[in-house]
Amino acid sequence: MSSYSSGWAERCVKRQYNNIRRILILGVIAIFFGVSALIAREIKPGVERWAIKTSATRAGSVKTVSLNDILQLTNPPGSRKNNPTYQKHDLI
């Protein structure tokens, strides 16, 4: 009878351990999403730089150009193909 009761006790302890672990994991997830929501509310994406994003067209006159006109443009004077000055790009 002692082996039966010890097995039952071990199963109860494992269930309690699993329940506590689940509660802790759900708590950490809830805290993570709560903090994320608070940070997102404080950042206000798009608001701080809205004047910069929308001011480009107000600065000068707007001209509509067709793609064919752009493709017909020649290179600026003094430029050469694969100029090393313009080949240095930091991609990282």
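The values are calculated or read from the model by the stated rules, or taken from the named source; none is laboratory data. Keep in mind that what you see is a predicted model, and the values were worked out from it rather than measured. Note that each Cβ is placed from the backbone with ideal geometry, even for glycine, and that neighbours are counted across all protein chains shown.
In this structure, is Lys88 modelled with pLDDT under 75, at positive phi and either of a type in the set (D, E, K, R) or exposed (fewer than 10 other Cβ atoms within 10 Å of the Cβ) (or both)?
Values: modelled with pLDDT under 75: yes; at positive phi: no; either of a type in the set (D, E, K, R) or exposed (fewer than 10 other Cβ atoms within 10 Å of the Cβ) (or both): yes.
No.
Report yes if Leu73 is modelled with pLDDT of 80 or more and either touching a helix residue (DSSP H, G or I) at 6+ places or on another chain (Cβ under 6 Å) or not in a helix (DSSP H, G or I) (or both), otherwise no.
So Leu73 fits the description; yes.
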